[in-house]
2 protein chains.
Amino acid sequence: MSSFPPSLEKVIEAFSRFPGIGKKTAQRLGFHVLKSDKENAIELANALVEVKENIHFCEICHHIAEVSPCPICTDERRDKSIICVVETPEDIFLFEKTGFRGIYHVLGGVISPLDGIGPDDLNIEDLLNRLTNVNEVIVATNANIEGDATALYLARLLSPMNIKVSRLARGLPVGGHLEYVDDATLLRSIDERVEIQ
Amino acid sequence: MSSFPPSLEKVIEAFSRFPGIGKKTAQRLGFHVLKSDKENAIELANALVEVKENIHFCEICHHIAEVSPCPICTDERRDKSIICVVETPEDIFLFEKTGFRGIYHVLGGVISPLDGIGPDDLNIEDLLNRLTNVNEVIVATNANIEGDATALYLARLLSPMNIKVSRLARGLPVGGHLEYVDDATLLRSIDERVEIQ
């Protein structure tokens, strides 16, 4: 028995479709639109339309970009011999902050039988097609079961090709206190301890 | 050193201008727009434009509505002798859920000297102009210092007019446990105790 005016109701409806935005938050956002300048609303509206029109997937690495191939794939200064394989385009932005200078390949997910996602649903064939002159593939999937399974699958698939396949290190977070580290991570940090040279 | 494509950056920028939406959440929303159907993005975009065009303030009560006077002010079945004075249009939607059948008046805020808001900044004159045939004014401002001060101000202003001015009751929340009620509310619930008839 909501009695919001129909056009306000529509905005609230549209906001509440976003993940993590409940009914109350959507209402708060809707009322904020009413209160704030018209320019702000128009700006968001235009940005929404533009982003759907302008952003596409890179034909080489499946990253999102306004051009295809994406700026990373066409960057001559990057080391094309090392490919970092990630689950989603979001992950690339995280690695870009670290200063990583290789190139990327977006799988578009991970192998997850429970969700009905097998190797054929991922961009694996495209990865195989770009492995000429590649020395190393870093499988940077998430540190969970599906991520590990996908990494293992890729490692086995690539083993006949004489390409080094590596995985991200597990261990203590930098600056982390032992007290707050979970058992599994602590165990891993012992198993994969590094000799001090 | 963010390296999001410009049109994605714009969407994230626009989202992060909303209250309670930080940088991380804005990014999550931006990526959601990329992943979800184009129709959803267009729908939100259109809704944003429409809401700014269609929603206006009611010339009588300052509520938001697509028509002025608003549907509440023009509803013949409502008791026009009792006006509920609220701070914001949002508050009206809350009272509508209670089944209140009087009419409303939106102050547009509360008297708050610290924020530089005095009586002249509120829709008080419009309230005074609509008090013919009104028996009671319920001042439904928030239960804080500014809300109380505003209620007191209105009560004094209206006292010569032979209109009953009331305020919302304070006390235990319905279904509330004594254990979780703060001292000030508990004290108030004793002071304003009601005789069991």
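Can you pull out every residue in segment B:62-93 that is touching an Asp or Glu at 6+ places or on another chain (Cβ under 9 Å) and farther than 26 Å from A:T25 by Cα?
Scanning segment B:62-93 gives B:S68, B:P69, B:C73, B:S81, B:I82, B:I83.
Can you tell me which residue within segment B:80-111, out of those that are β-branched (V, I, T) and in a helix (DSSP H, G or I), is farthest from B:L128 (Cα to Cα)? First the steps, then the outcome.
So in segment B:80-111, the residues β-branched (V, I, T) come out as B:82-83, B:85-86, B:88, B:92, B:98, B:103, B:106, B:110-111.
Still in the running and in a helix (DSSP H, G or I): B:92, B:98.
Numbers: B:I92: 19, B:T98: 26 Å.
Out of the qualifying residues, it is B:T98.
Would you be able to tell me the number of residues in segment A:82-104 that are over 10 Å from A:I138 (Cβ atoms) and more than 9 Å from chain B (Cβ to nearest Cβ)? Explain how you work it out, then say what you get.
Just the residues of segment A:82-104 that are over 10 Å from A:I138 (Cβ atoms), to begin with: A:87-94, A:96-99, A:101, A:103.
Among the residues that remain, those that are also more than 9 Å from chain B (Cβ to nearest Cβ) are: A:87, A:91, A:94, A:98-99, A:101, A:103.
The number of residues fulfilling the criteria is 7.
Just a yes or no: is a residue in segment B:71-79 within 12 Å of another protein chain (Cβ to nearest Cβ), crowded, with 18+ Cβ neighbours inside 10 Å and either in contact with a His (Cβ under 8 Å, 6 or more places away or on another chain) or modelled with pLDDT of 95 or more (or both)?
Going through segment B:71-79, the residues within 12 Å of another protein chain (Cβ to nearest Cβ) turn out to be B:71-72, B:75.
Now narrow it down to the ones that are crowded, with 18+ Cβ neighbours inside 10 Å: B:72.
Narrowing the set further to residues that are either in contact with a His (Cβ under 8 Å, 6 or more places away or on another chain) or modelled with pLDDT of 95 or more (or both) leaves B:72.
Looking through segment B:71-79, at least one residue is within 12 Å of another protein chain (Cβ to nearest Cβ), crowded, with 18+ Cβ neighbours inside 10 Å and either in contact with a His (Cβ under 8 Å, 6 or more places away or on another chain) or modelled with pLDDT of 95 or more (or both).
Can you find a residue in segment B:48-55 that is over 23 Å from A:D37 (Cα atoms) and of a type outside the set (S, T, Y)?
Step one: filter segment B:48-55 for residues over 23 Å from A:D37 (Cα atoms), giving none.
No, the conditions are met nowhere in segment B:48-55.
Could you please find all residues in segment B:150-190 being of a type in the set (S, T, Y), part of a helix (DSSP H, G or I) and surrounded by 14 or more Cβ atoms within 10 Å (Cβ to Cβ)? Lay out the reasoning, then the answer.
So the first thing to find is which residues in segment B:150-190 are of a type in the set (S, T, Y), and the list is B:150, B:153, B:159, B:166, B:180, B:185, B:189.
Next, only the ones that are part of a helix (DSSP H, G or I) stay: B:150, B:153, B:159, B:180, B:185, B:189.
Scanning segment B:150-190 gives B:T150, B:Y153, B:T185, B:S189.
Kindly indicate whether A:G147 is out of contact with any helix residue (DSSP H, G or I) (no Cβ under 6 Å at 6 or more places or on another chain), over 26 Å from B:H32 (Cβ atoms) and surrounded by 15 or more Cβ atoms within 10 Å (Cβ to Cβ). Break it down into steps so the answer makes sense when it comes.
Details: out of contact with any helix residue (DSSP H, G or I) (no Cβ under 6 Å at 6 or more places or on another chain): yes; over 26 Å from B:H32 (Cβ atoms): no; surrounded by 15 or more Cβ atoms within 10 Å (Cβ to Cβ): yes.
Answer is no for this residue.
Would you check which residues across segment A:12-38 are within 22 Å of B:F57 (Cα to Cα), assigned to a helix (DSSP H, G or I) and touching a Phe, Trp or Tyr at 6+ places or on another chain (Cβ under 9 Å) and list them?
Passing the criteria: A:I12, A:A26, A:Q27, A:R28, A:L29, A:G30, A:H32, A:V33.
Within segment A:113-134, restricting attention to residues that are among the charged types (D, E, K, R) and touching a residue at least 40 places away in the same chain (Cβ under 8 Å), which residue is farthest from A:G102 (Cα to Cα)? Even if it seems obvious, please write down each step before you answer.
First, the residues of segment A:113-134 that are among the charged types (D, E, K, R): A:115, A:120-121, A:125-126, A:130.
Now drop any that are not touching a residue at least 40 places away in the same chain (Cβ under 8 Å), which leaves A:126, A:130.
Numbers: A:D126: 17, A:R130: 14 Å.
By that ranking, first place goes to A:D126.
Exactly one of these conditions fails for B:I60: (1) in contact with a Phe, Trp or Tyr (Cβ under 8 Å, 6 or more places away or on another chain); (2) assigned to a loop (DSSP other than H, G, I, E, B). Give me its number.
B:I60 satisfies all of (1) in contact with a Phe, Trp or Tyr (Cβ under 8 Å, 6 or more places away or on another chain); (2) assigned to a loop (DSSP other than H, G, I, E, B) except (1).
If A:S3 satisfies all but one of (1) in contact with a helix residue (DSSP H, G or I) (Cβ under 8 Å, 6 or more places away or on another chain); (2) more than 22 Å from B:K10 (Cβ to Cβ); (3) not in a loop (DSSP other than H, G, I, E, B), what's the number of the condition it fails?
Of (1) in contact with a helix residue (DSSP H, G or I) (Cβ under 8 Å, 6 or more places away or on another chain); (2) more than 22 Å from B:K10 (Cβ to Cβ); (3) not in a loop (DSSP other than H, G, I, E, B), only one is false for A:S3: (3).
Of the residues that sit in segment B:16-38 and are among the hydrophobic types (A, V, I, L, M, F, W, C) and within 7 Å of chain A (Cβ to nearest Cβ), which one is surrounded by the most Cβ atoms within 10 Å (Cβ to Cβ)?
Step one: of segment B:16-38, the residues among the hydrophobic types (A, V, I, L, M, F, W, C) are B:18, B:21, B:26, B:29, B:31, B:33-34.
Then drop every residue that is not within 7 Å of chain A (Cβ to nearest Cβ), which leaves B:18, B:29, B:31, B:33-34.
Working: B:F18: 20, B:L29: 21, B:F31: 20, B:V33: 23, B:L34: 18.
My answer is B:V33.
Checking B:H62 against (1) of a type outside the set (F, W, Y); (2) surrounded by 21 or more Cβ atoms within 10 Å (Cβ to Cβ); (3) within 17 Å of A:E43 (Cβ to Cβ): exactly one of these is not met. Which one?
(3)
Tell me, yes or no, whether segment A:39-57 has at least one residue that is in a loop (DSSP other than H, G, I, E, B), touching a Leu at 6+ places or on another chain (Cβ under 8 Å), within 10 Å of chain B (Cβ to nearest Cβ) and of a type outside the set (D, E). Quick ask: steps written out before the conclusion?
Just the residues of segment A:39-57 that are in a loop (DSSP other than H, G, I, E, B), to begin with: A:55.
From what's left, touching a Leu at 6+ places or on another chain (Cβ under 8 Å): A:55.
Next, from what is left, pick out any that are within 10 Å of chain B (Cβ to nearest Cβ): A:55.
If we keep only those that are of a type outside the set (D, E) too, we end up with A:55.
Yes, that holds for at least one residue.
The values are calculated or read from the model by the stated rules, or taken from the named source; none is laboratory data. These figures come from a predicted structure and were not determined experimentally. Every residue, glycine as well, gets a Cβ built from its backbone with ideal geometry; the counts of neighbours run over all protein chains shown.
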